[in-house]
Each structure stands twice: as C-alpha cells, then as structure tokens.
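Here's the structure, in structure tokens; my notes come after.
The values are calculated or read from the model by the stated rules, or taken from the named source; none is laboratory data. Bear in mind the structure is a predicted one, so any value in this text is a computation, not a measurement. Cβ: placed from backbone, ideal geometry, glycine included. Neighbour counts: every protein chain shown. For accessibility, only protein heavy atoms count, side chains too; no ligands or nucleic acids. Shrake-Rupley method; radii C 1.70, N 1.55, O 1.52, S 1.80 Å.
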Amino acid sequence: MSLTEQLYNRQASGWARNKPEILSDFTARPRVLELAGDLTGKHALDLGCGEGYVSRLLRKRNAESVIGIDISANMIDLARKAATSGNEHYYCSNVLEAEVYKPETFDLVLAVFLFNYLTIEDSGELLKRIYLSLKPGGRFIFTIPHPCKPFMAKTEYPFYFKTTGNYFNARNSLFKGKIWKFNGDSVEVSCVHKTLGDYFKLLFEGGFSKFPIVEELFVTPELLQIDEAFFRPIQGLPLHVLFCLEK
Ligand SMILES: C[S@@+](CC[C@H](N)C(=O)[O-])C[C@H]1O[C@@H](n2cnc3c(N)ncnc32)[C@H](O)[C@@H]1O
C-alpha cells in the first residue's frame with residue numbers, strides 16, 4: 001500500500017464533512033466551484049475526490065453525472081455512503097490506473113489538491129490523459145498548495161509543510177505537513193514539491209495550449225471577519241494556486 005493510501009485510510013473520518021471545516025474549504029474550494037459555473041446537463045470527473053465533499057457540491061450545481069476517483073478505500077467508502085444521488089459514482093483507484101480517460105467524455109475535470117501527491121513524471125502522464133478526456137471547450141480546474149509558501153512560513157498552525165532543500169533543488173521531494181480545521185483538529189497532508197515552472201511546462205506538454213486562468217489564493221478580508229484568530233497567522237501569505245484551463 002502506498003504512503004498516500006495509508007495516510008488517507010488512517011484519517012478518512014477527519015476529512016468527512018458536509019460544510020466548510022478545513023482551512024482550504026474557505027481559502028480554495030469556493031473559488032473552484034465558482035469557476036466550475038453552472039453544471040446543468042454536464043458530466044464531471046473529480047480526481048482525488050477524497051470523501052466526496054467537492055463531488056457532492058458539483059451535484060448540487062446540477063451536474064448530470066459526477067465520477068469520483070480516489071486511491072484510498074476508506075475515503076471512497078465514505079463518499080459512497082454520503083452520495084446525494086445515483087448520478088454520483090465513486091471508484092477506488094490510483095488516478096494513473098483508472099479507466100475513465102475516454103476521448104472527449106467530460107465537460108469538467110477537477111483535481112482539488114491531488115497534484116501535490118504526484119511526482120513530476122506522474123503529473124505529466126495524468127495531464128495528457130485529462131486533456132484527452134475533456135470535450136472541446138471543456139474545463140480543467142485544479143488547485144495545489146502554493147509551492148513558495150513552505151519556504152516563506154513557519155511550520156505552525158493553521159497550515160504548513162516542512163521543507164527539505166530549497167525551492168529548486170527540492171523538486172520531487174516529499175514535504176509533510178498539516179492543515180487545521182475550524183474545530184481545532186488537524187489533518188496530515190503532504191506535498192511532492194514542484195515549481196510553478198514545472199506546472200506550466202507539464203500543462204503545455206499535456207496539450208493545454210490556451211492561456212490559463214491562474215490565481216494565487218490567500219486570506220481575504222472577508223475571511224478575517226469570519227474568524228480573525230484562525231486566519232490571521234497566514235494573512236498575506238500565498239496559500240494555494242488555482243489553475244483553470246480550457247481545451
Ligand atoms: C488533500 S485530499 C483532497 C480530497 C478532495 N479533493 C477534497 O478537496 O476534499 C487529496 C486526495 O487525493 C487522493 N490521492 C492522492 N494521490 C492519489 C492517486 N495517485 N490516485 C488517486 N487518489 C489520490 C488522496 O487519497 C486524498 O483523498
């Protein structure tokens with residue numbers, strides 16, 4: 001069993017939620033859903049779907065069907081139990097081995113904090129398959145921890161990765177980290193470090209040649225108003241990067 005499977009099988013229940021609880025439920029996922037837009041009649045693929053939090057929100061936005069893939073059997077069990085309709089389908093598989101990448105199948109592909117679990121080489125392979133499986137005009141939206149953040153911040157509450165090496169020589173190194181929830185609990189996360197340049201190169205090689213939307217996500221003033229003590233320690237830091245690409 002891979003380290004990622006072990007990590008997520010062990011703490012699956014810590015991820016189970018039906019409302020925003022984890023820091024990135026406030027700082028990243030709402031923007032992903034906004035860019036996903038109205039999904040009426042659309043077919044979506046959610047790679048690294050976890051226990052289905054985002055997949056369920058896609059269905060709430062009227063997606064015709066959602067397929068979720070995750071390597072952790074315990075996460076997939078939770079996703080199946082929490083499914084809101086028969087049009088959500090969850091499969092336990094490594095995204096690199098899943099048999100879902102048929103040509104021009106999906107209107108939307110998401111990968112919310114998946115690529116930080118993949119090496120540079122595996123990311124490149126997956127991006128080619130995602131490109132193939134998108135319909136012309138389809139969208140691919142993904143988020144990653146901002147690759148600069150681990151080098152700019154302390155290893156402390158409410159979100160960190162512990163670095164080895166520097167921004168350039170640590171490429172493909174595994175950084176372990178934690179991200180906190182509103183209730184004071186935390187979940188363990190990890191990140192196979194890649195530079196922003198790596199992502200752009202891999203996307204281009206994967207077939208994505210249109211200019212992308214790229215957003216560096218951070219703590220907004222509105223979030224500080226929700227809970228100043230929670231968000232204040234990471235105010236002003238680049239937390240995540242969101243990429244939105246069109247085929
Ligand atoms: C940070 S969690 C995010 C879960 C979900 N996307 C969300 O936003 O709530 C990352 C997920 O990616 C899954 N994952 C990591 N590597 C994977 C792989 N190679 N194949 C399938 N799933 C993978 C993990 O099991 C975990 O559930």
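Summarise the accessible area of segment 11-106 (1.4 Å probe, protein heavy atoms) by the percent that is carbon and sulfur. If you can, show how the numbers build up before the last one.
Numbers: 1970 of 4030 Å².
Ligands and nucleic acids excluded, carbon and sulfur reach 49 percent.
Straight-line reach from LYS181: which lysines have Cα under 17 Å away, leaving out those fewer than 8 places along the same chain? Filter leaves LYS19. Counting Lys and Arg as +1 and Asp and Glu as -1 over every other residue whose Cβ lies under 12 Å from the Cβ of ILE226, the net charge comes to -3. Placing dummy labels 7 Å off each Cα toward the beta-carbon, the span from LEU224 to THR40 is 3.9 nm. GNM remark for the chain: springs join alpha carbons under 10 Å apart, and the peak mean-square fluctuation among LEU110, LEU47, LEU223 falls on LEU223. The residues of the chain have, on average, 45 Å² of accessible surface per residue, using a 1.4 Å probe with all protein chains present. For LYS194, the lysines whose Cα falls under 21 Å of its own Cα, not counting residues fewer than eight places away in the same chain, are LYS128, LYS149, LYS154, LYS162, LYS176, LYS178. Using a simple spin-label model with pseudo-atoms 7 Å out from Cα toward Cβ, ASN94 and LYS201 lie 2.3 nm apart.
Normalised by the residues of the chain, what does the relative contact order come to in percent, with Cα pairs under 8 Å and at least six apart? Spell out each step's value before the answer.
On the way: 510 pairs, mean separation 47.3, N = 247.
Over the chain, the number comes to 19 percent.
Centre-to-centre separation between the Cα atoms of segment 80-96 and those of segment 127-196: 23 Å.
As a test, work out the antiparallel percent of DSSP beta bridges whose residues both lie in the chain, rounded to the nearest 5.
Beta bridges within the chain, antiparallel portion: roughly 55 percent.
Separation of segment 11-76 from segment 216-234 is 22 Å, based on Cα centroids.
Let me know the shape class of the chain, please: from the alpha-carbon gyration tensor, a ≥ b ≥ c as square roots of the eigenvalues, rounded when a/c is under 1.5, otherwise prolate if a/b is greater than b/c, or oblate.
Rounded is the answer for the chain, as its axis ratio a/c remains below 1.5.
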